[in-house]
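All remarks here apply to the structure that follows.
The values are calculated or read from the model by the stated rules, or taken from the named source; none is laboratory data. Quick caveat, the model's predicted, so the values are computed rather than measured. Virtual Cβ from ideal backbone geometry, glycine too; neighbours counted across all protein chains shown. Keep in mind that these areas ignore ligands, DNA and RNA; they rest on the heavy atoms of the full protein, side chains included. Shrake-Rupley method; radii C 1.70, N 1.55, O 1.52, S 1.80 Å.
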Amino acid sequence: MGVTAAPFLQVAGEKEGEAALAGKKTIETVKATERIMEAVELHREESSKVEEHEELCRASGKELPRKMHPILQASGSRTSSDYVLDVIRKVRSSELEESLLVLPFSYVPDLLTLFRDYIQRSQDVELICRCLFFLLRIHFGEITSNHMLLGVMEDLKSCTISRVMESRDVMGVNMAALQYLKREIEAKEEVLFFTDATDRFEEKRRKRKKREKMVLTLV
């Protein structure tokens, strides 16, 4: 499966050259892009099959058994959505943007819909936001002119802000806890240092008294 570089768009406010992201495709980058494309295609296929299965269940009035896709079974993913997320997770951080850069736009709407679901479920919010913001930068014109994506983008706007605020609050709490722990450790270290210094002082005092006794004995 071949990949071609997505058309590049400069974002308003960026200096010329700043937006010219590295476009050199490595073998690993191309492989990562192809894995994302294959995962999205599997998700499309599985989503269609799930809808058909749900229709059959409703028509029969009972829950019918459904065979899981062999790739999902092999990967340990419960759903095709989880599988796409797992594929994205496995892309090296240094190659993530480059992989998304060469991803054809036809896969972007699927990813944006999945990103909305991941963020709403608080799954890998930091990683997904990184991917989301990058795709918005390079496909801004196409995304905003696509009326089919308006609802998804509205959902993304609200849930992304909400989850980022939550993450910031958690980070704030964690930082406060780390600062408290740091102060506790420093306080304990000071006590240990003081105790050690006092013990050494007592040891020196005992040795001095012992020497004084020896001198008095000799006299």
query: Can you run phi through the Karplus equation (6.51, -1.76, 1.60; θ = phi - 60°) for the stretch 104-117 and list ³J(HN,Hα) in whole Hz, with x for Gly and Pro?
result: x, 4, 4, 8, 5, x, 4, 5, 4, 5, 5, 4, 4, 5
- prompt: Tell me, what ³J(HN,Hα) does each residue in the stretch 61-68 have, in order and in whole Hz, if you take phi through Karplus 6.51 cos²θ - 1.76 cosθ + 1.60 with θ = phi - 60° and put x for Gly and Pro?
  reply: x, 8, 7, 9, x, 9, 7, 6
statement: Under a 1.4 Å probe, counting only protein heavy atoms, GLU154 has an accessible area in Å², nearest 10, of 120
- prompt: When all protein chains stay in place, what accessible area (Å², nearest 10, 1.4 Å probe) is found for MET153?
  reply: 50
- line: Subtracting the Cα-Cα distance of GLU142 and ILE27 from 0.36 nm times their residue separation yields 38.7 nm
field: Net charge, VAL84 excluded, C-beta distance under 14 Å - Lys, Arg +1, Asp, Glu -1
entry: -3
- line: Quick calc: nm separation of the 7 Å Cα→Cβ label points for GLU54 and SER93 -> 3.7
field: Debye, to nearest 20: dipole size of the stretch 28-178, +1 on Lys, Arg Cβ, -1 on Asp, Glu Cβ
entry: 280
query: Roughly what would the spin-label model give for LYS67 and ASP86, points 7 Å off Cα along C-beta, in nm?
result: 1.9
